[in-house]
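This report refers to the structure that appears directly beneath it.
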Amino acid sequence: MAAQARAAELQTSRKLVNDAVNRYRQAFEARDMEALKTLWPSLSRNEQNSFQNFFRIVRTVRLQLIPAGEVDVTANGAVGRYRRTVNATDERGSLPAQEQTVRITFRKSGDQMLIDAIEAVGR
């Protein structure tokens, strides 16, 4: 029974991680700073300024996050590696795609996962 309970807990945590990744993508694509800050409460002022400057420049933005391996679920959260691709346009047209691998650290908060950090881990 304990193994079944642990498997169910892992499945629930992975679903919460997927939900958080989808909310992050949606907020980023909508250029919604309030939604980003709600999902990522530890977002620093410098990071917020960088996002806001980027959002001011672009007309459209598309964010793709593809898992690069299994998400490591812990009792308090999770850590996952993702291939992040940002495609955007400005008034002149398409900007060069930005691609990198990132490690996203999540923490469980009630019935959801929040983002603690997003760190680049190489190209």
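The values are calculated or read from the model by the stated rules, or taken from the named source; none is laboratory data. Please read all numbers here as calculations on a predicted model, not as lab measurements. Cβ: placed from backbone, ideal geometry, glycine included. Neighbour counts: every protein chain shown. Side chains included, ligands, DNA and RNA excluded: accessible areas come from the protein's heavy atoms. Shrake-Rupley method; radii C 1.70, N 1.55, O 1.52, S 1.80 Å.
If you roll a 1.4 Å probe over the heavy atoms of the protein chains, what accessible area per residue do you get for segment 39-82, in Å²? Please list the in-between numbers first.
Numbers: 2640 Å² over 44 residues.
Per residue, segment 39-82 has an accessible area of 60 Å².
With springs only between Cα atoms under 10 Å apart, run a GNM on the chain and tell me which of PHE28, PHE54, PHE106 wobbles the most.
Residue with maximal mean-square fluctuation among PHE28, PHE54, PHE106: PHE54.
Report, to the nearest 10°, how far helix 2-29 tilts away from the longest principal axis of the Cα atoms in the chain, using its own Cα long axis and a range of 0 to 90°.
Between the helix axis and the principal axis of the chain, the angle is about 10 degrees.
Could you look at the chain and say what percent of its accessible area is carbon and sulfur, using a 1.4 Å probe and all protein chains? If you can, show how the numbers build up before the last one.
Values: 3490 of 7400 Å².
Carbon and sulfur atoms account for 47 percent of the accessible area of the chain.
Rounded to the nearest 500, what is the chain's calculated 222 nm mean residue ellipticity when only DSSP H runs of at least 4 contribute -39500 (n - 2.57) each, over all residues? Numbers along the way, then the final one.
On the way: 3 runs with 48 residues, N = 123.
After summing the helix terms and dividing by the residues of the chain, the value is -13000 deg cm²/dmol.
In degrees from 0 to 90, rounded to the nearest 10, what is the angle of the helix 45-57 Cα long axis to the longest principal axis of the chain?
That works out to roughly 50 degrees.
Could you compute the net charge surrounding PHE106? Neighbours are other residues with a C-beta less than 13 Å from the C-beta of PHE106; K and R count +1, D and E count -1.
Overall, the nearby charge balance is +3.
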